[in-house]
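> Quick one: the structure is below, and I'll ask about it shortly.
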Amino acid sequence: MQTVLITGCSSGFGLETARYFLDRDWAVVATMRQPREDVLPPSDRLRVLALDVTDPSSIERAVAEAGPIDVLVNNAGIGWLNALEGTPMAAARELFETNTLGLIAMTQAVLPQMRERRAGVIVNVSSSVTLQSLPLLSVYTASKAAVNAFTESLALELAQFDVLARLVLPGRGPDTSFGDNARARMTDGFPDAYADLVQRVFAGWQEAGPVTHSSDVAEAVWRAATDPSCPMRLPAGADAVAAAEAR
Ligand SMILES: NC(=O)c1ccc[n+]([C@@H]2O[C@H](COP(=O)([O-])OP(=O)(O)OC[C@H]3O[C@@H](n4cnc5c(N)ncnc54)[C@H](OP(=O)(O)O)[C@@H]3O)[C@@H](O)[C@H]2O)c1
């Protein structure tokens with residue numbers, strides 16, 4: 001039986017991806033900052049472990065407890081929407097600590113066992129904002145563009161060990177907790193000089209258009225994990241696919 005370890009399974013894309021792999025008879029190590037068994041269906045193939053990707057000792061504990069892992073899904077991430085002028089450096093550092101450095105640290109922790117077994121797949125969840133730039137997302141986009149560059153270079157050095165690295169690029173997923181979690185961190189509001197732009201951005205979101213559902217992301221992660229012919233960058237969701245085609 002194959003084992004997948006997924007980060008950030010308390011909600012959204014990570015939770016749905018954990019369900020998707022469970023439904024397909026995989027052993028699933030669902031990791032969360034605050035572990036909760038009740039968000040997933042009971043299964044003897046499910047283990048829920050505590051993991052904060054910004055905490056090296058938490059990473060060490062979780063990877064040791066998990067044992068052999070065939071697929072690592074680096075999904076944990078946080079959002080931030082503001083003009084650069086409304087983005088304190090502390091917020092920028094927090095974004096990079098979680099979205100970029102946390103993902104790198106998790107990859108580093110899992111890689112030795114994959115290299116030794118000469119098998120394994122690392123799936124990194126990035127974002128379609130790296131395909132089509134949007135305003136008020138400069139720092140978030142930078143944290144995900146770094147993930148793209150990291151993954152594409154890493155894939156080249158791991159090919160000799162038959163270990164794969166892939167990117168999944170979801171579009172906007174309004175059904176996850178991402179927006180609420182980001183808003184909880186954004187307590188200082190937007191700088192006055194950007195008020196018109198902020199209004200235009202929010203108005204744009206009210207217009208009907210394609211979005212990304214958690215199931216789109218789970219399917220894309222599954223394909224990235226199980227289909228060796230999958231492209232390096234896999235857009236997930238109708239809006240992400242459109243952004244990739246427009247490039
Ligand atoms: N929703 C979107 O519009 C969208 C679009 C493109 C890409 N993405 C990316 O998709 C991924 C999943 O996002 P989502 O939409 O599913 O959002 P979500 O519902 O907020 O889920 C994010 C998950 O990451 C976890 N997390 C945050 N900081 C963490 C840390 N330090 N250590 C471990 N886990 C941590 C959260 O756990 P807690 O419950 O403990 O906070 C949560 O389980 C993220 O990488 C995000 O950047 C989202």
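Throughout, read-outs are computed from the coordinates displayed, never taken from laboratory work. This one's a predicted model, so the numbers in the text were calculated from it and none came from an experiment. Neighbour counts are summed over all protein chains in view; Cβ atoms, including those assigned to glycine, are modelled from backbone coordinates with ideal geometry.
> I want to check the label-to-label distance for A195 and A90. Put each point 7 Å from Cα in the C-beta direction and report it in nm to one decimal.
2.6
> Any chance you could run the full-extension gain for A182 through E157? It's 0.36 nm times the residue separation minus the Cα-Cα distance, nm to one decimal.
5.6 nm
> Let me ask something else about it. Kindly rank 25-33, 154-162 from highest to lowest mean number of other beta carbons found within 10 Å of each residue.
Details: 25-33: 22.8, 154-162: 13.3.
Ranked by mean Cβ neighbours within 10 Å, highest first: 25-33, 154-162.
> Taking the Cβ of Y194 as the centre, find all other residues whose Cβ is under 15 Å away and add up their charges (Lys, Arg: +1; Asp, Glu: -1).
On the way: positive: R200; negative: E85, D188, D192, D196.
Neighbourhood net charge equals -3.
> Go ahead and run the numbers for FRET between F202 and Q113, Cβ-Cβ distance against an R0 of 41 Å, rounding to 0.05.
Details: r = 45 Å, r/R0 = 1.11.
In this case the efficiency is close to 0.35.
> Quick check on the stretch 1-154: of the DSSP beta bridges with both residues there, what percent are antiparallel, nearest 5%?
So the antiparallel bridges amount to about 0 percent of the total.
> Given the DSSP H assignment, sum -39500 (n - 2.57) over each helix run of at least 4 residues in the chain and divide by its residue total; what's the result at 222 nm in deg cm²/dmol, nearest 500?
It comes out at -13500 deg cm²/dmol, rounded to the nearest 500.
> GNM on the chain, C-alpha springs below 10 Å: top fluctuator among G67, G204, G12?
G204
> So what's the projected area for the chain, the Cα convex hull averaged over all directions, in nm²?
13.2
> A follow-up question, please. For every other residue with a beta carbon closer than 10 angstrom to the beta carbon of A76, add +1 if it is Lys or Arg and -1 if Asp or Glu, then tell me the sum.
Counting the neighbours of A76, the net charge comes to 0.
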